[in-house]
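Let me begin by presenting the structure, written as structure tokens, before commenting on it.
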């Protein structure tokens, strides 16, 4: 979960000079917010370690999760 994602996506959107695509926003997010990206990966890793055998709750990988959020944000624009 990304805190203040609306603000962050807006900053990224304004910062990109070329075409504002999902891939460009993803790459720029990694450059501008490495701490948030690291936290997403840590959360995913902790979740995977805490799962009990036979009781799985699907959690998308951090890449998929971030791309999904970017895609949803771009559709609103």
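Scanning the stretch 23-32 for residues that are more than 10 Å from the chain's Cα centre (by Cα) and farther than 11 Å from residue 9 by Cα gives 23, 24, 27, 31. Residues in the stretch 33-42 that are within 12 Å of the chain's Cα centre (by Cα) and either more than 19 Å from residue 70 (Cα to Cα) or in contact (Cβ under 8 Å) with a residue 12 or more places away in the chain (or both): 33, 36, 37, 40, 41.
What's the number of the only condition in (1) modelled with pLDDT under 90; (2) over 10 Å from the mean Cα position of the chain (by Cα) that residue 1 fails to meet? If we test residue 1 against (1) modelled with pLDDT under 90; (2) over 10 Å from the mean Cα position of the chain (by Cα), just (2) comes out false. Taken over the stretch 46-63, the residue count meeting the criterion of being more than 20 Å from residue 6 (Cβ to Cβ) and at pLDDT 85 or above is 2. When the stretch 9-26 is filtered for residues that are within 18 Å of residue 65 (Cα to Cα) and loosely packed, with under 13 Cβ neighbours inside 10 Å, the ones remaining, listed by number, are 21, 23.
The values are calculated or read from the model by the stated rules, or taken from the named source; none is laboratory data. Since the structure is predicted, the reported quantities are computational estimates derived from the model, not experimental observations. Methodologically, a virtual Cβ is constructed for each residue, glycine included, from the backbone with ideal geometry; neighbour enumeration extends over all protein chains shown.
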